[in-house]
Amino acid sequence: MAAPTASVDLLTLDADACSRDDGAPLAWAEAVGDLARVRGAFAVAWQDADGRVHLARDPIGHRSMYWGVRPDGTPVWGLRLHDVLRAGVPRALDPVGIAAFLSTAYVPGERTLVRGVRAVPAGVELVFERDGRVARRPFAALPASPPAFDDEETLRARLRATLEDAVERLLPDGPVAATLSGGIDSSLVVALARRARPVHAFSITFGPEHRDELEWSRLVARHTGATHEEILVRPADVMRLLDLTVGALSVPNGDPLTVPNTMLFEAARARGLDVVLNGEGGDPCWGGPKNAPLLLSELYGGHDAREDAYLRSHLKLWDELGAVLTPELRAALDEDALRALVRPWLEDARWPSFLDRLMAINVAWKGAGHILPKVEHLGLRAGVRPRSPLFDRDVVRLAFAVPPDLKRHGSTEKYLLKRAVADLLPEAIVDRPKSGMMVPVEAWFQGPLARFARDRLLGGLARRGLVERAWLERLLDARLGGLRPRRGVKIWLLLTLESWLRRVYDTAP
Amino acid sequence: MKCARCGHDSKYPERAGRKCPGCGGRFAFEPREGDPINDVAFDKALDWVSSGGTVAFTMGNLHHAVARRIAPKSFGCLLYAPFVVGILGGMVAVGAGRPGLAATLLLGFFGLGAALLVGNKRRPLGLTVPAFQALYRRWVDAHGRPPKLIPPPADRPAQLDPALTSELASYSFDRAVICDRAETVDLLLANDFHFENNCAVLSFDGHPRHVFATVRAMLRHNPRLEVFALHDATPFGCKLAWLLRHQPDWFEGTEVRVFDVALRPGQAARQPRLLWRTREDVEKHPALTDRERHWLGRYRMELAAFRPEQLVKRLFRAMNHMPEAASGDGGGGDLIWTSEATASDGGADSFG
């Protein structure tokens, strides 16, 4: 860790809701020497007295930073990948990045879709040495499991206090906006925020012909006294906003909620609300439903299938890469490269429990590489500051100090989290199973968005030499077959890729 | 006869040494030498049972698929000879001034021709297990093992890391499918049914052996568990749901809901082409109505007769509708099961 000196020059700083955890005033020129003490969202670059440039990003990944090296050897960096491309880093697509995106809907870890552009890892300080090497200095690794756990009641009380503190630190002075799905995570954030501020909660609907969660979000809004606004998302909104939304992302996010997120942030901005709270983080940290298939796979499948099971659990194209990718791209791809990225997490001895290993990789991958960059960049575009209390550093650290059977207790998901906030919410919300927000992509791509998808994919993506045209045609014509074709999800994933390539890769000067 | 590898069509004399003159590949079967099926028909059975190579299947599925293949034409143009003879004979009889004889010849030979044609096109193989296994071995010798065929249990590793067992054993799941046969369990597991649907899968008699005790104990941690019994239309299969509810080592005395998904005789009877005939007295049992006992005394149907893709999709659909359709434990998903199943996927996503 660099020693704090008066001669440190701050070069880049993006910080939100930051404070020192020892109560001392936060002065960034000094804080960069002790980043482990800083709570909040930050990405920072500075130059030390020896002229070396340092880059760092907060331990959870609320803020992003990217870097690369110009052909003349000069390192360049920026808060968005767009900045690094503009600075003259040679552009070539990374086959592993493409395969990762198609398998998971994001690009985990330090890779991006561009071979020469890397993401600064969360909780790591990078130092550009004068000899051209890039040194890595972790300053806040995810905590290992403790040798012994506190009892359930103690942990419940600690979790409640930590949640209250996290939400309070992230509240603005005036009214606050919040996303509200009606699940336990966003509901508890609304409930805690409402105790201190007026809350304007936003929910998504896709029209009466499609299933939504409004029954639950309305219940929470009534219960907590939050103002409730329902945002209607129509296929025409997708056509209007897809490029604008995806173009704001440094790494494409292929899940279908990006456009609804954009609309929601724009609505908050239009109401004059610039801080938007969300419930992201509850699933990865507290034993959410996506662990269940992996536990079953571990039971039935044995060790050989671990990496594959993790990649398959994203329910995208992992099992179909052989058919999807062009022969040229397959030839350039090391088939084991993605498994090799997963493997260390699932074998890490810092976490004896399998569930905690899943939590670790999900915080590092889905948190720092998927969820948080999505809300960060879409918020930046819309002019709002998204804040994620359940991904607060202290909340995440506490999650690692909770035994796995208090996260998933029998078949109850997020057991301790539910116990910690049960008094704040209607019983029906605490007890209901997680269902996930169902974006009606199947219906959309069979109907109103079919033409749009065909034009984009056959007229665009098919010509890039990444994806087999014949496979795309089978996908669009619903001729893929198989037990769960998931056609709509796959079309959305590929539309996102094409949109990102058009708006970021092709067009950044 | 066409080659299953290259599609080259060859005459019998050209297939010296049972090799394709087009690609040199070996034929597994030679109908001219008495085999009941040719390579293309066997290959089509594989394609059908695996839904174009996308779905894993059991040996039982393949047996049913091959048995349903249409027998190859073994008479060729000779099948049309009765029609020709009938017409020519009729013309001669008319010429001889005997219209009655002409009509008799026409009717007789046309009837014979029609019977031969129908018989030739609709003659299922009706393979016994040993006969099917012999055909399968010859297919493997010539073409290799079908890639989506599920290996028998002895061929697969079956160990569970003891260090993880105690952790995993403290969790539970919301749903479980319990089958009457290990083969059905293997079919579901090989097609990731457990993974896709967050549900445990076991057989009543203890399969998969290496996790059976652990998983069954896990299920008992969840008082709100939903159990789906999946079985052949056999006397034992139709008792499965009842046994699950009434045996103490399963769910007796619990509030667990047990649904009988399939196959009850009422469901099986709607698929007459898949039935087996039998003759057996079926004892009275509280799980069986008199009508079902009567039916089971005459017929059987195995789940393996269903195309695996359809079986899995129907099960998925039945499981997702049955708790709503059934007012209490028991059937109630009959219409869901017997109607055509389709995949219906939304784009689930997290919104915090």
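Computed from the coordinates by the stated procedures, all read-outs in this text should not be read as laboratory data. Every value quoted in this text rests on a predicted model; they were computed, and no experiment measured them. Cβ sites come from the backbone with ideal geometry, for glycine too, and all protein chains shown count toward neighbours.
Kindly write out, for the stretch A:155-165 in residue order, the coupling ³J(HN,Hα) from the Karplus curve 6.51 cos²θ - 1.76 cosθ + 1.60 (θ = phi - 60°), rounded to whole Hz, with x marking Gly and Pro.
Running phi through 6.51 cos²θ - 1.76 cosθ + 1.60 with θ = phi - 60° gives 5, 4, 5, 5, 5, 4, 5, 5, 5, 4, 5 Hz.
Measuring from label point to label point, each 7 Å out along Cα→Cβ, what is the residue A:134 to residue B:14 span in nm?
In this crude label model, residue A:134 to residue B:14 measures out at 6.2 nm.
Output the pairs from A:490/B:44; A:418/A:490; B:2/B:44 with a Cα-Cα distance over 24 Å in this structure; if there are none, say none.
Among A:490/B:44; A:418/A:490; B:2/B:44, the Cα-Cα distance tops 24 Å for A:490/B:44; A:418/A:490.
Using only DSSP helix segments of four residues or longer, with each worth -39500 (n - 2.57), what per-residue ellipticity at 222 nm results for chain A after dividing by its residue count and rounding to 500?
That comes out to -11500 deg cm²/dmol.
List the GluC sites (Glu not before Pro) within the stretch B:168-255 that fall in a DSSP loop (any state other than H, G, I, E or B) and whose Cβ has at most 14 other Cβ atoms within 10 Å.
B:252, B:255
Over the alpha-carbon set of the stretch A:12-169, work out the extent along each principal axis and list the three values in angstrom, largest first.
57, 43, 30
Strictly greater than 49 Å: what percent of every Cα pair in the protein assembly as shown meets that?
That fraction is 30 percent.
Rounded to the nearest 20 debye, what is the charge dipole size of the protein assembly as shown about its Cα centre when +1 sits on each Lys and Arg Cβ and -1 on each Asp and Glu Cβ?
For this selection, approximately 3180 debye.
With the cut-off at 1.5 for a/c, could you classify the stretch A:217-298 from its C-alpha gyration tensor as rounded, prolate or oblate?
oblate
Which of the three applies to the stretch A:3-46, rounded, prolate or oblate, going by the alpha-carbon gyration tensor with a ≥ b ≥ c and a/c under 1.5 meaning rounded?
Verdict is oblate for the stretch A:3-46.
So for the stretch A:338-443, taking the charge dipole from beta-carbon charges (+1 Lys/Arg, -1 Asp/Glu), which of A:378, A:417, A:439 sits furthest toward the positive end?
Result: A:378, furthest along the dipole toward the positive end.
Just want to confirm a number: the relative contact order over chain A, from Cα pairs under 8 angstrom separated by 6+ residues, in percent.
18 percent
At q = 0.05, 0.11 Å⁻¹, work out log10 I(q)/I(0) for chain A with the Debye formula, treating every Cα as an identical point scatterer and leaving solvent out; two decimals please.
Computed log10 I(q)/I(0) values: -0.18, -0.97.
Whose amide H sits under 5 Å from the amide H of residue B:258, counting only residues 5 or more places off or on another chain, with H placed in the peptide plane?
B:227, B:330
Going toward the positive end of the dipole of the protein assembly as shown, with +1 on Lys and Arg Cβ and -1 on Asp and Glu Cβ, which of A:55, A:201, A:124 do you reach last?
A:201
Among the trypsin sites (Lys or Arg not before Pro) within the stretch A:438-509, which fall in a DSSP loop and have no more than 12 other Cβ atoms within 10 Å of their own Cβ?
For trypsin sites (Lys or Arg not before Pro) across the stretch A:438-509 that sit outside H, G, I, E and B with at most 12 neighbouring Cβ atoms in 10 Å, the list reads A:479.
At most 12 other Cβ atoms within 10 Å and a DSSP loop assignment: could you name the trypsin sites (Lys or Arg not before Pro) in the stretch A:72-156 that fit?
A:130, A:133
Indicate the gyration tensor shape class of the stretch B:164-338 (rounded, prolate or oblate), computed on the Cα atoms with a ≥ b ≥ c the square roots of the eigenvalues: a/c under 1.5 is rounded; otherwise a/b larger than b/c is prolate and the rest oblate.
The shape class here is prolate.
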